[in-house]
1. Go through region 220-244 and report how many residues are assigned to a loop (DSSP other than H, G, I, E, B) and either touching an Asp or Glu at 6+ places or on another chain (Cβ under 6 Å) or β-branched (Val, Ile, Thr) (or both).
2. Tell me the strands (runs of 3 or more DSSP E) entirely within region 375-417 that contain at least 2 residues that are out of contact with any Cys (no Cβ under 9 Å at 6 or more places or on another chain).
3. Do the conditions hold for Ile247, that is, is it hydrophobic (A, V, I, L, M, F, W, C), exposed (fewer than 14 other Cβ atoms within 10 Å of the Cβ), out of contact with any Lys or Arg (no Cβ under 7 Å at 6 or more places or on another chain) and modelled with pLDDT of 95 or more?
4. In region 322-338, which residues are among the β-branched types (Val, Ile, Thr) and either surrounded by 18 or more Cβ atoms within 10 Å (Cβ to Cβ) or part of a strand (DSSP E or B) (or both)?
5. Cβ contacts < 8 Å: first residue in contact (Cβ under 8 Å) with a residue 60 or more places away in the chain, restricted to region 363-392; second residue β-branched (Val, Ile, Thr) and assigned to a helix (DSSP H, G or I), any location; separation 6+ or different chain. Result?
6. Return the residue satisfying two criteria in turn: it lies in region 94-113 and is among the acidic types (Asp, Glu) and surrounded by 16 or more Cβ atoms within 10 Å (Cβ to Cβ), and of such residues it is nearest to the chain's Cα centre (by Cα).
7. So which residues in region 124-142 are buried (at least 19 other Cβ atoms within 10 Å of the Cβ) and not polar (S, T, N, Q), if there are any at all?
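The values are calculated or read from the model by the stated rules, or taken from the named source; none is laboratory data. This is a predicted model, so every value here is computed, not measured. Here the Cβ positions follow ideal geometry from the backbone for every residue, glycine too, while neighbour counts run over all protein chains shown.
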Amino acid sequence: MNGDDEAVAASADPSLPLDWRFSQVFGERSAGEEVQEVDIISAIEFDHSGDHLATGDRGGRVVLFERTDAKNSSGARRDLEETDYPLRHPEFRYKTEFQSHDPEFDYLKSLEIEEKINKIRWCQTANGALFLLSTNDKTIKFWKVQDKKIKKICDINSDPSRAVGNGTIATSVNGGVPEANNSFIPGGISSLRLPVVTSHESSPVARCRRVYSHAHDYHINSISNNSDGETFISADDLRINLWNLEISNQSFNIVDVKPAKMEDLSEVITSAEFHPTHCNMLAYSSSKGSIRLIDLRQSALCDSHSKLFEEPEAAGPKSFFTEIIASVSDIKFAKEGRYLLSRDYMTLKLWDINMDSGPVATFQVHEYLKPKLCDLYENDSIFDKFECCISGNGLRAATGSYSNLFRVFGVSPGSTETATLEASRNPTRRHIPIPSRPSRALSSITRVVSRGSESSGVDGNSNALDYTTKLLHLAWHPNENSIACAAANSLYMYYA
């Protein structure tokens, strides 16, 4: 069986391990090329259909890509199945870009506000237009991107060889443009030519619809739009605010963890996400490693949670780094909303919102870094915030690591699938097959499955890792096994 047959078989049987392949790269840098700080990608997000992809960078720009293979393919599913060649991999192309945020200065606090895009979230489309939210540390903006028809017109009295607008001069009704007469004054015009529309082209235009500002005293770390299509939340270290998309000058504070005295502050909010189907539910994580599920129907200010998810404390002494590495950097709901994925510094955890006794599965991302926590603390790498993503069918999850590596885990019950890939044109070049592992009993108390720590290879040697190249941002296509990830200023895409 060749590689294409294996890929088709894996897509037909979701339980089979996926064979990941390189699809595309945008902004690939050559060897030795210096990366500009403003070009580093800081946010990635697919829209709900998977036909559009947005990235934000540290320079405050948002770049949009659109899928092309879906538009080019035609015919019924049966016709495609009868072909004797594999389906083409998903292809995206550059659509447009716009400057979302600019650097600002808060004169009251004498604080510079950088333009870096922290998060991007797609909203519901309408009338062929795309809508999305983008935010930096302080300001959220609501954008509308729509194709506008542009008419190209030839200039008056211009020579056909010098016509602008990529068009040609149309001939007159009564027989065309008269030939040049050599008797006219040098430099003069032999005949009058009226402007003519030569072509109609569509060009995407981005317009800022609303600006939501002056609602956060601390840096915004999350935005999440609601399933009702009308509201969204924004979260900073101490508060979560609820907004209506149509009202930019008013928000409601629904979570406030700020103590009466700041010296009593013991934890901060690190991430927040709306439930994908229940508009009254949302979850937020904290720097202590806990996740709280709240119900907006309980009270206007949700000081109390409906459920608390945290891992039972391990027996034995705690180190200085225990609480630091327990901080949750990202949470994501699965598509159906029952499972919740969380990422802390060392692990990826899967939670069942119906079971708050502990995670149903724990995956070691880079367990081999534990002996080097002191070094990671000294160079501030221990505070890196890695994102996570989960597949549309909820069977797999992915998250990043150092040396531009990312890991894919099978999260379905009984799955042992793990893969370590590199953000490059050859994603498996540094991957060494995982050795067979001894069987282990499933704990009946916490029902936790832990795996991933047995992986070997270059990524298992902490001395070989490059801590300056880190894969923090990635996104999974909502309907297919396709992953987009950012390595500095380059956007890599893979499919299986």
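1. 1
2. 388-390, 405-410
3. When the stated conditions are applied, Ile247 passes them.
4. Ile325, Val328, Ile331
5. Leu376/Ile382; Ile382/Ile324; Ile382/Ile325
6. Among those residues, the one meeting the criterion is Glu97.
7. Listed by number, the residues that qualify are Leu130, Phe131, Leu132, Leu133, Asp137, Lys138, Ile140, Lys141, Phe142.
The rows are residues; the columns are (1) surrounded by 16 or more Cβ atoms within 10 Å (Cβ to Cβ); (2) over 19 Å from the mean Cα position of the chain (by Cα); (3) of a type in the set (Lys, Arg).
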site: Lys318; (1), (2), (3): no, yes, yes
site: Met346; (1), (2), (3): yes, yes, no
site: Gly392; (1), (2), (3): yes, no, no
site: Arg396; (1), (2), (3): yes, no, yes
